[in-house]
Every structure is written in structure tokens, then in C-alpha cells.
1. Just the residues that are within 7 Å of chain A (Cβ to nearest Cβ), out of contact with any Lys or Arg (no Cβ under 8 Å at 6 or more places or on another chain) and over 30 Å from residue B:227 (Cβ atoms), please, taken from the range B:372-390.
2. Would you check if there is a residue in the range A:124-137 being at the interface with chain B (Cβ under 9 Å from one of its Cβ atoms) and more than 30 Å from residue A:407 (Cα to Cα)?
3. What's the number of the only condition in (1) open to solvent by less than 10 Å² (accessible area, probe 1.4 Å); (2) of a type outside the set (Phe, Trp, Tyr); (3) facing chain B (nearest Cβ under 10 Å) that residue A:503 fails to meet?
4. Take the conditions small (Gly, Ala, Ser), more than 30 Å from residue A:439 (Cβ to Cβ) and in a helix (DSSP H, G or I) and apply them to residue A:380. Does it pass?
5. For the range B:416-429, which positions are touching a residue at least 40 places away in the same chain (Cβ under 8 Å) and either touching a Cys at 6+ places or on another chain (Cβ under 7 Å) or open to solvent by 10 Å² or more (accessible area, probe 1.4 Å) (or both)?
2 protein chains.
Amino acid sequence: MSSSCSACRGGEMEVDSNKEEMLQRKKNAVLVDGIILNGPITDSKAGEKFVEEACKIIMEEVIQKAADVTEKVCEWQPPEKLKKLLDLEMRDTGEPHQKLLQLCQDVIRYSVKTNHPRFFNQLYAGIDYYSLVARFITEALNPSVYTYEVSPVFLLVEEAVLKRMIEFIGWKEGDGIFNPGGSVSNMYAMNLARYKYCPEIKEKGLSGLPRLVLFTSEECHYSMNKAASFLGIGTQNVYFIRTDERGKMIPEELEKQVQRARKEGAAPFLVSATAGTTVLGAFDPLDKIADICEKHGLWLHVDASWGGSALMSRKHRKLLHGIHRADSVAWNPHKMLMSGIQCCALLVKDNSDLLKKCYSAKASYLFQQDKFYDVNYDTGDKSIQCSRRPDAFKFWMTWKALGTTGLEQRVNRALVLARYLVEEIKKREGFHLLLEPEYANICFWYIPPSLRKMEKGPEFWDKLHQVAPVIKERMMKKGSMMLGYQPHRGKVNFFRQVVISPQVSREDMDFLLDEIDLLGRDL
Amino acid sequence: MSSSCSACRGGEMEVDSNKEEMLQRKKNAVLVDGIILNGPITDSKAGEKFVEEACKIIMEEVIQKAADVTEKVCEWQPPEKLKKLLDLEMRDTGEPHQKLLQLCQDVIRYSVKTNHPRFFNQLYAGIDYYSLVARFITEALNPSVYTYEVSPVFLLVEEAVLKRMIEFIGWKEGDGIFNPGGSVSNMYAMNLARYKYCPEIKEKGLSGLPRLVLFTSEECHYSMNKAASFLGIGTQNVYFIRTDERGKMIPEELEKQVQRARKEGAAPFLVSATAGTTVLGAFDPLDKIADICEKHGLWLHVDASWGGSALMSRKHRKLLHGIHRADSVAWNPHKMLMSGIQCCALLVKDNSDLLKKCYSAKASYLFQQDKFYDVNYDTGDKSIQCSRRPDAFKFWMTWKALGTTGLEQRVNRALVLARYLVEEIKKREGFHLLLEPEYANICFWYIPPSLRKMEKGPEFWDKLHQVAPVIKERMMKKGSMMLGYQPHRGKVNFFRQVVISPQVSREDMDFLLDEIDLLGRDL
């Protein structure tokens, strides 16, 4: 194998061919089973060159284009066609670097540009250059955060970030762990509340115990159901509490349901309130809910995965009034604060090492007690994972770069832009706001001209239900923007606009409404 | 605020100062609550420049140094001192780019170089240029893998990779999902087995049911205990099966324990065999265990998180003989196949959509059924997560680059190098092999000269127990290499060497033994 071919193909040299030549080049060569053991078989120079060339593509095709509204948000292809456009097959022999770089181009081309200023489809969006750099560093270093000996920096960073998040919640002390998502954070909290309620469950399990019951609003995230089934509690034992017209849990209804559970002989143990619901962006009245939890001795968890970032704003933190009374909080900086997927903390008020007691398994190959440093820094035994990514680092980098005031400005501006959009919706014919938003979710119907005079009867709602999916299809195929829609609790399909990124401007809000009208006026 | 200052500080402009000037520059400016809504407030040019400069640091300080054995594996600092060396504090105001770049340098400097050729501390190591590029692309695109509309490419890639992994297991068909780690994969399997055993548990929970019991070897990963407690089964209901002197589950003991559980009136539902145990690298006899599972109607899960990659080698796949009879398999390409943390698949033989039935929560805001494409591609409802990273893509890129034969060669060479080390250990005075390894874990004691003549009594073992921690401390402080040690099942502290990366050579194996002797000969 010639050296030029090796450089072209890349990272590793073929070892079967030209063994003799390689052997001659090496002193004391050891050959076992036809494999040369001397020296690395990685061609690091070719590998580095490949990384450099790929980084150039990433910079040009992803990062630089993220600021350009004239680029498409997506280049839509249906699944079967996209399979043909991409060379997905994994073969016996590898591909040369030039082919791999083309694959990188294709992957980027057909991927949705979630950092495009007009990607409004989910609860994350935009590009944050600081967290992006942190993520590149993380990937290059490839750490796993369980012991101080392998992740000294990232463990200290996590500790520092958790400490500040705890301050923003308003606790004097606390504990926490970054984990892969709001859903998993909610699972952590549910298990922790159960452990606090009855530590024996860790060893003995739920068999033979009374039925554990938890309470959450009917607007909660679907992960509450997933958690209840995964943890062996059962979805039937999630008691959903009615909400008011704005999507907020009604405290009196919670009180009734707790009493109902007690009467049934069940064991209530947890209330999960939501601060920033997924669809409507509603905030449960935490202070009143905390009163009920106190009265009944229930663990109060707040799923602030989406709304938690309002804590960074002196103006808007009142949305979470009472959160300091929670026992645990889920808060995802990867949403409103743009830390990159995933960056999610579960925070716990308890400071008696409850997290560790609940989760520890004391693996002797990781958590040796005879290490030469303070093994309290080996925090991995608090986790349900073994390998764990250093997600706190991404948030830390952005926080360092913008400062608390910079983060606050982001939240404030997103919410002002949301207000701007609301006012525009109210002004425009054919647009109808579902409810006055509290946060960055703006839910509205677009009513095409053909339906505007129609009586609001079953036929109207049936037709309106079909409008949003068609507009969505058209915007995807055009690639002009991405915006979510859904039916929700008896309401037919409506759009949910989410404002997050500082790249987004008033002009994008105007464009959004113009574009919906353009795409849907013939319906 | 001058534009040069803005460029220096970076991504976002201050909006409070010089509002008038900015307003004049903008037509139709809208100012609400002192916040300008026109145009993006992100300074994208400065942001891009920052990313470019940081990438240069990453290339020079991490990627290029990964190939250099003369660099330190770590620059050890104790926690309290490292806190002072790093500027961890998050302040009200942000830092300028130059300061942030210095922070990046510091983070890299004090982090452990897990891609250094002499990092042998965990079940992952080395640098793979292809998966690294895939990871950079992923971070830049920031996707979440739940619906085809937001992750078209990554969903298809995941499907393609799962299909090939299923082929290597030897199943005709199957299903699967990438998830954050082997521990989580094991949890998925445990819940799936439970669902198969009694689908009602999803809704009703475990309360009132007979005690569910699962079986795994005493050498299994600690995540089995974590999973049992998390899922409400309880750690007492994990029946640990005795292993032979090589760490393999004894099938006759499994049979006995299943019968014991039945006699107790418990409900056995799952056997979790291990293919590649964490410490010893042992492979349970899957074929014999499958016989017992078949006889008793038990779900067979194989935790092949570490050993699964031997399936890529025609020579070594016999270690997993019988794996095709498993109902589910956990397999982490981020370990032996170097895909970057984390890259872990749970694979399921069932093809009746069991994974979806077990895990779905049917969130209407994500999994709308009236989409314009085939919503079977929206696989997110199979997951316990909501946001999920495109981990399959990292493995796919390496597979494309090296081909199946390239991956096979990596596995073969790692295992030949492991054999080389074993033979060297046998030759050298003061080194004692614990057992003949089957895989890439080589477990051995180093016996310093002062202990070599001593009788193998309690005093000897007590003194030997103290040797590895001291050598570990010395190697960390010197930064010459990193290698794990642990006590294990009655055996005093021994070293566990793990061979993975193609960067590693015979010379590194020689160095390892020389270095241990150098660091420990005075003990």
C-alpha cells in the first residue's frame, strides 16, 4: 500500500498488504496472526487533515449559514427518496476521504437547520457560539463524568453551575445532576420522591406495597406518564389535575384529588407542577401548590424544563413564584438558554446526600475508597448512568461569555418579541390567538379567507383542523420556515410559535405571519 | 458601545447603551421595554471568528497532541487547587473573547487526555477521526431525533445502523434504539421484558403483583442493581448467579436459582447475561443460558455493552456464541469501536412493535398522525427520552470510513496486543496475571521486590492491596499513563489494563510494564 493511498484513505493503514516492507522499516517488529504490533497503525496526519477539511465544511455550510435568512430551513425529501439520495449502506471496505467529505456535505444539506433564524418548530432553536465551542471541546476530549480522576475540570464545572442554578431557584443549599433530558430529570425526581417516601423500595421494590399515587396537571409533559410506567408505578396512578383556561393547575382540584387518593387507600407521595407547559407555556401556581404539598407531606417537584430559564430574568422570574418551596426542579438550559442538546439539570433541595443514597450502587472498579484524593468529588454514583457527558460545561461557557445580564437580556428579548407577535396576530385578519401567553409559546389559528364567514359549527372546526397540516407541508417543501402545530385538549390543530434565539427579530415575526397567509390563503 | 468592542466581546450586542445610535441606523425600529426588536442582536461575524479561533486551539491542543506519547496523559491537580487555577465563577457581566479562549486552553490543559495512546483507565480510549467529525457535525446542526420532520437524515442513519447491528447479532429482523449508555440500555431491556411478561404493568404498576425476579451473574455490571431499584423491582429481587473462576455465569447455578424463585412464589421474568464483564472481560455461556431461558419462558437479555464489538470479528465472534437466541442486546460502539461517548444501542429481536407499545405515550404535539409523510419514521415514541441525540451517526461515519473489515481489524489487533501483554506479564518477574483473559481486559498484580519472597499470608495480601493505589497516584502525578485498579470479589487491588485503540502499540505495552515497575519497585 503506497503512502499516498494511505493518506487518501485515511486514519488507518491496511495491515495485510506490504507487510514485509513495513516489517523492514521497523526494528524488533512483532507479527502475530498477521498483525503488526509495533507502532500505532493510525495515520494521524491523514486523520488530522480529514478533521480540518470537515471543519471547513461545517464552518461554511452550517455555522456561517446559520445567520442567513435567505438559506432554506430544510431541503425536504420524503424518506424513501432521501434513502436513495444518501449513500447509507455500510460496506466491507471503507471509503476514501473525498467520498466521506461528500457524505458530510450531503448529511448537512438534507438535515434541518435547527439554528436557522426561522426554525420555530421545537423548544430549542438558534446558534449559540459559546456553547458550540464548549461542545467541540467536549467531543475532542471525549470525557465521561463519573470520577474526578478522569474528569477533574468537568466535575468542578458541574458543581459550580449547579450551585448557581440552586441560587436562582432560591434555595440556600442543594444538590443536583446533569442528565440526558427533561424526561429523565422527571424520572429522577419521581424516584427520589419515592425513595424519600419509603427508602425500602430501593431494595424491596413495589410488590406488596400500597398503590403509590402522584399528581400532575393535565397540561404536563408526556414524560410523566413515561416515568410512571418505567418506574413501575403505572400510568393509572398518575392523577391528572384539571387546569384553568390558561392551562394552569387548579389548586382546589389538586386538594380534592389528594383526598380522593387517600380515601381509596392509595399512598400519595408526589406532586409534579409544571413551570412552562410544552404547548401553551403555562405556569402552575407554585406557591399555592406548595401549601397543599406541605399540608399533606407530599414531595413537590417542579418540571421547569422549559420555563426555568425565566428565573434568569428579574422581570419574569415572578412566573415561578414559590419555586423555592419545591423539593426538586428540572431545568433545561438547552431550551431557552441555547446550550445545545442536551443540557438538563435535576436540582434537589435536600442536602443530606439523598441523591447519592437513592442512586448509589458503589461500583468498586470506579468508586474505590482508597484513592489519593477526596473521593467526594467522584459524583458518578448519584447517576442512573455510568458514562455521562459533561453537559454543564456548555451552559457554563455561555454564562461566562454573556454574564448573568446577557442571559437575562436573552430571556427578556424573547418575551418581548413574543408580545410583539401577539399584538400583530390580534391586528391581522384571519389570525386568531388561542390565549394570552405568559411565556414564549404563542398559540394561534390561521383562518383562511374561505372559512372566515363560516359559522363556528362542527363543519368549521373540521375544516380548520385540516388547515395547519397543509400549511406545514407547504412550508416544509418550500423550506422557508418551520413551525409546529398540534391539536390539543379538544382544540383543533393550531400553530405554536416559539421565540428563543437572539438571531430572531421583529422582521421574522412579520415574515412568519405573512408566510402563513401566503401559503394558506387559497385553502 | 463601539463596534470594535462588540466584535471583541462577541456574540451579542449590548442593547442598553447607544440605543439612539442603533435606532437611527434602523428603519421602522421597534423599541419595547428598552429592547430593540429589529434585526438580530447576535453579532454573527464575531461569533464565527470566535468559533474559528477556538477550533484552532482544539486542533493544536487536543487533536494533534493525541498522537504524541511524549505529551502528558493528565496534568494532575487536586480539586481545591484546580478550583483556584480555573476561573469557574459565573459573573454578572460576560468575558471578552480573548479571556474565553484562555479559559478553553485551561479547560483542555487540566482535562485528562482520554485520546492519549497511554490512557488505559476505562473501557473507552483513543481518537477516531471519523466519529469525531460526525460529532462536530452533530453539535453544529444541534438536532433532536424524534420525528422525521426535524431529523430526516439522522433517523434514516439510525435505522440503517440498527439493521446492520441486528444482522451481526444474527437475527433475521428486529428493532432497536440508541440511548444514553449501557446502563440505560439495560434498563430499557428490563422494562421491555417486564412489559412482555405482563403488559398491564405499564398502566397498573407493580403494586399488588407477585414479586418479579431477575437473574444475572455476580460479575454483571452494577447497572443491573440501579435498574432494578429505578424500575421499582428492588435490588433484593436481583438474584446473582455464581460464576466460575474465569468470571462466567454457571448455567447449573442459574437453573437452581430459577427453581428457588419459583418455590418462593416469586415471578421470574428475565435473565441478563453478560458478554464482556467490566472488570474481567468474561463472556457468559450464552447458548446454555438460552436453553434455560427457553425452558422456563424467561426473556434473555445480553449486556454486550463491552463485548458486543467482538461480533465484528470473524475470529472472535465465537465469544458470543448463542447471542442470536437473545431477546435483547445492549451493545456500545463507543467502547471498543471508539464512536465517542455516548453511542449505545439497545437491540430487540421482537418485530411486533413491542418497543413502541411498551414505551409510547403518544404526545400529540410531536407525533401528529395527520402529517404529510409516513409517520412510522417518527421513532421518538419508542424512547424514554424526549430530546435524543443522533448517536448512531457517529458509528455510521466510522463504519463508512473503515468498512466492516477495518472495524474487524481494530478488534483483532486490540486482542492480539492484549495477548502480547499477557505473554510479557508471564515473562516478567514481579508481575502476576490473575487469569487468562478472553478479551481486552488484562488483570494483574504488580508485586514489588520487598514482597516477592514473602509468604502468601494475610500480611502479604494486605501489603499488596496497598501497592496499586500508590502506583496509581504516582503515575497520575507524573502524567505518564492512566490505568485502573480495583479490589474485586475477595481479590486485593489489582491493575486492569484495557486495550482498544489502533494508536496503541507493542511499545506502549512494554512501556506500561516498565513504568509500573519504575513507579513501584521501592514499595
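1. Going through the range B:372-390, the residues within 7 Å of chain A (Cβ to nearest Cβ) turn out to be B:372-374, B:377, B:384-387, B:389.
Imposing the further condition that a residue be out of contact with any Lys or Arg (no Cβ under 8 Å at 6 or more places or on another chain) reduces the set to B:373-374, B:377, B:385-387, B:389.
Listed by number, the residues that qualify are B:373, B:374.
2. Scanning the range A:124-137, I find no residue that is at the interface with chain B (Cβ under 9 Å from one of its Cβ atoms) and more than 30 Å from residue A:407 (Cα to Cα), so the answer is no.
3. (1)
4. Numbers: small (Gly, Ala, Ser): yes; more than 30 Å from residue A:439 (Cβ to Cβ): yes; in a helix (DSSP H, G or I): yes.
Judged against the criteria, residue A:380 is a match.
5. Of the range B:416-429, the ones touching a residue at least 40 places away in the same chain (Cβ under 8 Å) are B:417-418, B:420-421, B:424-425, B:428.
Correct list: B:420, B:424, B:428.
So that you can scan it fast, the table gives a plain yes or no per residue for (1) buried (at least 16 other Cβ atoms within 10 Å of the Cβ); (2) under 28 Å from the mean Cα position of the chain (by Cα); (3) farther than 30 Å from residue B:320 by Cβ:
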position: B:436; (1), (2), (3): no, yes, no
position: B:447; (1), (2), (3): yes, no, yes
position: B:457; (1), (2), (3): no, no, yes
position: B:463; (1), (2), (3): yes, no, yes
position: B:476; (1), (2), (3): yes, yes, yes
position: B:488; (1), (2), (3): yes, yes, no
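Residue-by-condition table, conditions (1) at pLDDT below 95; (2) surrounded by fewer than 17 Cβ atoms within 10 Å (Cβ to Cβ):
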{"site": "B:43", "(1), (2)": "yes, no"}
{"site": "B:49", "(1), (2)": "no, yes"}
{"site": "B:52", "(1), (2)": "no, yes"}
{"site": "B:58", "(1), (2)": "no, no"}
{"site": "B:69", "(1), (2)": "yes, no"}
{"site": "B:75", "(1), (2)": "no, no"}
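Residue by residue, here is whether (1) more than 30 Å from residue A:284 (Cβ to Cβ); (2) among the basic types (Lys, Arg); (3) facing chain B (nearest Cβ under 7 Å) holds:
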residue: A:146; (1), (2), (3): yes, no, no
residue: A:163; (1), (2), (3): no, yes, no
residue: A:177; (1), (2), (3): no, no, no
residue: A:190; (1), (2), (3): no, no, no
residue: A:195; (1), (2), (3): no, no, no
residue: A:215; (1), (2), (3): no, no, no
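The values are calculated or read from the model by the stated rules, or taken from the named source; none is laboratory data. Because the structure is a prediction, the values reported are computed rather than measured. Cβ atoms come from the backbone with ideal geometry, glycine included; neighbour counts cover every protein chain shown. The protein model used for the area step is the full one, side chains on, heavy atoms only, and it has no ligands, DNA or RNA in it. Shrake-Rupley method; radii C 1.70, N 1.55, O 1.52, S 1.80 Å.
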